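Peer 1: I have a structure here, written as structure tokens, and I will follow up with some questions on it.
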Amino acid sequence: MIQSNGFHDHILLSFDKVVALQKIIILTAFFVFSALHACAEELWRLRYSIPTSGESEITRGSSKDAEKLNTSGHSGNLVFANGIGFGYSTVRTNGNMGGIDYKFKNHSLDLAYTIGNELSFTLGGGRLVYGRGEQSISGTSYVTESSSGEALFMYFGIPFVGGELLFGYRQNNIEYKNFQSRIAGKSVKLEDSVKLLSSQVKAGFGFLF
């Protein structure tokens, strides 16, 4: 059992931030969709974005830790003329939290809807199609590919030199189970699952055609 090591207040603050950001996303979506007419898009968009910063919260058994971990990855998205978009996202997260080294790699399929021609707003969700988790405890590495989860994201598009600049936010909620390792020729499985709640501020660009 890994203790929280005095992070209780920080965890509560992190949780409050997550709840607040979720409310902001919902309220922003309501205002934008209410203010703009739900008319068909006139443009196709090909988009690419990367995370510029990120925060993570890990729950392992009954223990929680919240901290900024190293985050990288990319997202690609194609938006059709009717505003419906499909995409693919990859996020890698790694670092030490609570005395345990973590490495996560996640791939998601995304579905979104975009409104607006010049200034645009996108709201969407993602579904995990592949996730790999690794945790190193006392020099022993435990790995799993048994994972499930989803994502929520939004983007604002601003016209720029025949294309658009993208600014957005994404939150991933993923659970990893059945971490295993081989010790002295025997397979050892960890009982506790690991839940990763991560959020990223994202930036990118898009081509309009």
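The values are calculated or read from the model by the stated rules, or taken from the named source; none is laboratory data. Since we're looking at a predicted model, the values are computed, not measured. Here Cβ is always computed from backbone atoms with ideal geometry, including for glycine, and neighbour counts include all displayed protein chains.
Peer 1: Test each condition in (1) crowded, with 21+ Cβ neighbours inside 10 Å; (2) in contact with a Cys (Cβ under 9 Å, 6 or more places away or on another chain) for Ile115 and report the one that comes out false.
Peer 2: (1)
Peer 1: Something else: Can you tell me which residue within the range 167-195, out of those that are modelled with pLDDT of 90 or more and among the β-branched types (Val, Ile, Thr), is nearest to Asn96 (Cα to Cα)?
Peer 2: Val194
Peer 1: Can you tell me which residue within the range 82-107, out of those that are aromatic (Phe, Trp, Tyr) and buried (at least 18 other Cβ atoms within 10 Å of the Cβ), is farthest from Ser141 (Cα to Cα)?
Peer 2: Phe104
Peer 1: Moving on to the next point. Residue check: is Arg92 basic (Lys, Arg), without any contact (Cβ under 8 Å) to a residue 40 or more places away in the chain and touching a Leu at 6+ places or on another chain (Cβ under 6 Å)?
Peer 2: Against the criterion (basic (Lys, Arg), without any contact (Cβ under 8 Å) to a residue 40 or more places away in the chain and touching a Leu at 6+ places or on another chain (Cβ under 6 Å)), Arg92 does not qualify.
Peer 1: Looking at the range 149-159, can you tell me whether even one residue there is surrounded by 14 or more Cβ atoms within 10 Å (Cβ to Cβ) and farther than 30 Å from Glu118 by Cβ?
Peer 2: yes
Peer 1: Can you confirm whether Glu134 is in contact with a Ser or Thr (Cβ under 9 Å, 6 or more places away or on another chain) and crowded, with 17+ Cβ neighbours inside 10 Å?
Peer 2: Spelling it out, Glu134 is indeed in contact with a Ser or Thr (Cβ under 9 Å, 6 or more places away or on another chain) and crowded, with 17+ Cβ neighbours inside 10 Å.
Peer 1: Condition test on Arg170, is it under 14 Å from Arg92 (Cα atoms), basic (Lys, Arg) and part of a strand (DSSP E or B)?
Peer 2: It is true that Arg170 is under 14 Å from Arg92 (Cα atoms), basic (Lys, Arg) and part of a strand (DSSP E or B).
Peer 1: Restricting to strands (runs of 3 or more DSSP E) lying wholly in the range 48-166: which have 3 or more residues that are among the small types (Gly, Ala, Ser)?
Peer 2: Correct list: 70-79, 84-97, 120-137, 146-160.
Peer 1: Continuing with this model, one more query. Just wondering, is there one or more residues in the range 149-163 that are at pLDDT 95 or above and over 23 Å from Ser49 (Cα atoms)?
Peer 2: Taking every residue of the range 149-163 in turn, none turns out to be at pLDDT 95 or above and over 23 Å from Ser49 (Cα atoms).
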